[in-house]
Amino acid sequence: MPLYEYRCPDCGHEFEMMLRFSESNKIPACPRCEGIRTQKKLSTVATFANSGSGYQSTGSSCASSGGFS
Ligand SMILES: [Zn+2]
């Protein structure tokens, strides 16, 4: 499910929400002030994909060393 980022113009609160594609045109109410003028931030998807720096699997040590006797 894609992660969407929203911003509430009433209180300035920013929050993220996971929505199904079928629900992606819905605008959730602000969890802080319950305002319904929430605006979707569209640039989220690209930033979300690029923010994975530092996440590296450095060689899994799953290989059993001499487990068989
Ligand atoms: Zn708000």
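Just a few scattered comments:
- Relative protection proxy for 25-37, 2-14, from highest mean packing down: 2-14, 25-37 (other beta-carbon atoms within 10 angstrom).
- If the Kirkwood radius is taken over C-alpha pairs of the stretch 3-45, then at 20 °C and 1.002 mPa s the Stokes-Einstein diffusion coefficient equals 208 µm²/s.
Where a number appears in this text, it was derived from the coordinates with a stated rule and is not lab data. This one's a predicted model, so the numbers in the text were calculated from it and none came from an experiment. All Cβ positions, even for glycine, are placed from backbone atoms using ideal geometry, and neighbour counts span all protein chains on display.
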